[in-house]
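Sharing a structure with you now.
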Amino acid sequence: MSRVRGQAPMIRVRRAFGAVVEGEALISREGFSPRYDLDRWTGLISRPGHALEGHNLKDKILITPSAKGGIAAGWAFYDIKHKGIAPKAFVFGVTNPVMVQGAVFAGITITEGWSRDPYAWIRTGDIVRVDPMRKTLELVKARQ
Amino acid sequence: MQLTPDEKKMLRGGDGTAAKEALELQIEVGKFFGAKRLVPVSNVHMMGDIEVMGDSGKAFLERMSQTGAHCAVPTTTNARCIDFDYVAKLKQDPNEAAKEKQLIAYLRKMDVVTADTCINYQTLYQPHRNEHVAWGDTGTVIYANSVFGARSNFEAGPAALAAGITGRVAEYGFHLDAHRRGTFQVNVKTDLKDFADWGALGKLVGEAHQDYFAVPVFNGIKRPPTSDELKHLGASLASYGSMGMFHMVGVTPEAPTLKAAFGGGKPKEVVTITSRDIQHVYAGYSAKNNPLNLVVFSGPQQSLFEMKNLARLLAGRKIKPGSHLFVTTSNGVKSAARALGYLEQIETAGGIVLEGVCFYILQNIGQIRVQNGWSNLVTNSAKLANIIGAHKFNTLLRRTDDCVRIALTGEDA
């Protein structure tokens, strides 16, 4: 999809929890599970064939359309937070309660729903800001 | 959120720091989903083992148990990662096994009943219609909502423990009527004969509609299904579709009619599943020229009736030398199977029956796979076929009889 330039895009999110964070975006059209897709020792997205295979989640803002996986994911966020390999935020299109419970328990920012398609505005490597109070996702600086 | 005087007291720390912390977590999650209040729960089922929680989760449980945390309502545990009788045999890590023992002690100190089963709905507790519970594993939740008409969201381990301590959950999702109505219709135009057929149906419907709030309504089921068949369907839907509820017209309590299942609304979509679709699922799996030397009956744990059937199929036979057949079940079912002679028949044939665990979360399963040179995993559980890929198994979903035949001969049909 072509990128819209020359504007300062702001995407409204529907639901949100956590602190304001700013960081590098890691954006995928594929859903995410911390159990199926992630190496929980290195932070690398490890499942062969995942759209983000080989990328590291650490300190990133993960933008993904959906949550995958079951109940076991609930402990996983706390685990990766304590191992120092957690992302700064999860920005989901749609999610499920396990992801929200897990993120709240770990103190990781999480949002659900977006007012416009982020894929038209944001690329992996861009600097974005998530503001849960204002319920916004903003492009701060596009990757060169 | 509106809080009762008791909840306000709890939030101030009047019931101890553990209850305060638990309620704070629940309120934040409730706020996220726009919950207006908390509702009491009568039963909690939680996932908590060293493989899923790691050292940080164990340290959290230790701290909670030391601060006097105590479950206010009956709370049971899900399948875990270690059957202590098989640690050495499976070459699991003894250090992790020791941690698992400590973790179980912390849970028991908090009054958690460490029953270690993912089929609590068959063996431990059957909630009634409209009863609020807080359950996790996903398979338990979809069964509670759909088959019993009880009310639960997916509750992750820490969230379920919080519910056990406070005796409440935030009222959102499947606790509310609005989310329990059917959203799309599935016309089933085929007979489903084996558990794997029910799982294949769940895969077809779940994969195409991945959404926690999507509620399929199955119509046209020709024969009233058994509990085990509904178990395999639900586990598969929850696994492939992240779904927490389904209706089956004339079978489940909130779907006496098609109209009632949709609660006055209209289906967003109508899909039809035929025997060709089910055949297509089976045809989608391939051994990729690697040996078929691992057959697993797990995810969910086997009921006593499934054990009886496996014993019948394996009686007087021997698993192919070099092949492995694993079964996982609960302590209660294994004990009954022992008393009834089923266990002996399975074990004499060469099967290994693990208790209190799920094959998917076995501690060290990735290494166990490598050590045994396993590439393929054959199972009648669509759920297991879906999730075990995370440990780099190639999976084949097959009907129960076919799974047993593969274990005996190493040959796919």
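Only sites in a loop by DSSP and with at most 16 other Cβ atoms within 10 Å count here; which trypsin sites (Lys or Arg not before Pro) in the stretch B:191-258 make the cut?
Sites meeting the loop and neighbour criteria: B:Lys193, B:Lys222.
What nm value, rounded to one decimal, do you get for the distance between A:Val20 and B:Leu340 when each label is placed 7 Å out toward the C-beta?
6.2
Listed highest first by mean packing, meaning other Cβ atoms within 10 Å per residue, what order do A:132-138, B:92-98 come in?
Values: A:132-138: 17.0, B:92-98: 15.3.
In descending order of packing, they fall as A:132-138, B:92-98.
Past the 20 Å Cα-Cα mark, which pairs from B:Lys99/B:Lys231; A:Lys60/A:Lys83; B:Lys58/B:Lys109; B:Lys334/B:Lys392; A:Lys68/B:Lys99?
Where the Cα-Cα span goes over 20 Å, the pairs concerned are B:Lys99/B:Lys231; B:Lys334/B:Lys392; A:Lys68/B:Lys99.
Next question, about the same structure. What FRET efficiency, computed as 1/(1 + (r/R0)^6) with R0 = 22 Å and r the Cβ-Cβ distance, is obtained for B:Lys266 and B:Lys189, rounded to the nearest 0.05? Write down the numbers at each step before the final one.
Values: r = 21 Å, r/R0 = 0.96.
It comes out at approximately 0.55.
Now a separate question. How big is the stretch B:263-397 along each principal axis, measuring the range of its Cα positions in Å and listing the largest first?
Principal-axis extents of the Cα atoms in the stretch B:263-397, largest first: 52, 37, 29 Å.
Give me the number: length gained by fully extending B:Ser42 to B:Thr409, i.e. 0.36 nm times residue separation minus the C-alpha to C-alpha distance, one decimal in nm.
Stretched out fully, the B:Ser42 to B:Thr409 stretch lengthens by 127.3 nm.
Okay, moving on. Given bins 5 angstrom wide, list per bin the percent of all Cα-Cα distances in the stretch B:5-177, short to long.
Taking every Cα pair in the stretch B:5-177, the percentages come to 1, 9, 17, 21, 19, 15, 9, 4, 2, 1, 0.
Taking amide H positions as placed in the peptide plane 1.01 Å from N, state which residues far from B:Ala79 in sequence (5 or more) or on other chains have amide H under 5 Å from it.
Excluding prolines and chain starts, which carry no amide H, the hits are B:Thr117, B:Cys118.
May I pose another question? From the phi angles alone, apply the Karplus equation (6.51, -1.76, 1.60; θ = phi - 60°) to the stretch B:221-238 and give each ³J(HN,Hα) in whole Hz, x where the residue is Gly or Pro.
Calculated HN-Hα couplings, in order: 4, 7, 10, x, x, 7, 4, 5, 5, 5, 4, 5, 5, x, 4, 5, 4, 5 Hz.
How high is the relative contact order of chain B, in percent, counting Cα pairs under 8 Å that sit 6 or more residues apart?
Details: 894 pairs, mean separation 70.2, N = 413.
Reported as a whole number, the value is 17 percent.
Taking neighbour counts of Cβ atoms within 10 Å as a proxy for exposure, in what order, fewest first, do B:Cys118, B:Cys71 appear? Before the final figure, lay out the partial values.
Working: B:Cys118 32, B:Cys71 20.
Going from sparsest to densest Cβ surroundings: B:Cys71, B:Cys118.
So, one more: Give me the distance in nm between label points sitting 7 Å out from Cα along the Cα-to-Cβ direction at A:Arg134 and A:Glu53, one decimal.
Distance between label points: 3.9 nm.
How far apart, in nanometres, would the label points at A:Glu30 and B:Asn289 be if each is projected 7 angstrom from Cα along the Cα-to-Cβ direction?
Result for the modelled spin labels: 2.5 nm.
Taking amide hydrogens as modeled 1.01 Å from N in the peptide plane, which residues meet the under 5 Å criterion relative to B:Val271, leaving out close sequence neighbours?
Those qualifying (amide H under 5 Å, at least 5 residues apart or on another chain) are B:Gln185, B:Val186, B:Asn187.
Tell me which residues come under 5 Å, amide H to amide H, from B:His324 once H is placed; ignore anything under 5 positions away on its chain.
Close amide H contacts, sequence-distant or interchain: B:Leu294, B:Val295.
What aspartates and glutamates does B:Lys20 reach when the alpha-carbon gap must be under 16 Å and sequence neighbours fewer than 8 apart in one chain are set aside?
Correct list for B:Lys20: B:Asp6, B:Glu7, B:Glu28.
What do you get for the angle between helix A:97-106 and the principal long axis of chain A? Use alpha-carbon atoms, 0 to 90 degrees, nearest ten.
Around 80 degrees separate the two axes.
Report the trypsin sites (Lys or Arg not before Pro) located in the stretch B:351-413 that are in a DSSP loop and have at most 16 other Cβ atoms inside 10 Å of their Cβ, or state none.
For trypsin sites (Lys or Arg not before Pro) across the stretch B:351-413 that sit outside H, G, I, E and B with at most 16 neighbouring Cβ atoms in 10 Å, the list reads B:Lys392.
Under unit Cβ charges (Lys, Arg +1; Asp, Glu -1), what dipole magnitude, rounded to 20 debye, does the protein assembly as shown have relative to its Cα centre?
Details: 67 positive and 53 negative charges, 210 e Å.
Dipole magnitude for the protein assembly as shown comes out near 1000 debye.
For the protein assembly as shown, just say rounded, prolate or oblate: build the C-alpha gyration tensor, square-root its eigenvalues into a ≥ b ≥ c, call rounded for a/c under 1.5, and beyond that prolate if a/b exceeds b/c, oblate if not.
Because its axes are fairly even, with a/c under 1.5, the protein assembly as shown counts as rounded.
Also: Dividing the alpha-carbon radius of gyration of chain B by 2.2 N^0.38 Å (N being the number of residues), what value is obtained?
Computed over Cα atoms of chain B, the ratio equals 0.99.
Cut-off under 17 Å on the C-alpha distance; same-chain residues fewer than 8 positions from A:Lys135 excluded. Which lysines are left, in chain and number order?
In chain and number order, the partners are A:Lys88, B:Lys31.
So which lysines can B:Lys259 reach, going by Cα to Cα under 16 Å and dropping same-chain residues fewer than 8 places off?
Partners found: B:Lys268.
With the cut-off at 28 Å, report for chain A the share of all Cα pairs above it, as a whole percent.
When all Cα pairs of chain A are counted, 10 percent exceed 28 Å.
If R₀ is 41 angstrom, what is the calculated FRET efficiency for the pair B:Asp55 and B:Asp401, using the beta carbon separation as r and rounding to 0.05?
0.40
Report the calculated FRET efficiency for B:Arg317 and B:Gln102 (r = Cβ-Cβ distance, R0 = 41 Å), to the nearest 0.05.
With R0 = 41 Å, the Cβ-Cβ based efficiency is 0.50.
Working from Cα positions, state the angle (0 to 90°, nearest 10) between the long axis of helix A:73-82 and the longest principal axis of chain A.
With both axes taken from Cα atoms, the answer is about 80 degrees.
Additional query: For the stretch B:181-282, restrict the atom set to alpha-carbon positions and state the Rg and Dmax in Å.
For the stretch B:181-282, the Cα radius of gyration and maximum Cα-Cα distance read 12.2, 36 Å.
Bear in mind these aren't lab numbers, they're just calculated from the coordinates by the rules spelled out. These figures come from a predicted structure and were not determined experimentally. Don't worry about glycine lacking a Cβ; one is built from the backbone with ideal geometry, like all the others, and counts go over all protein chains shown.
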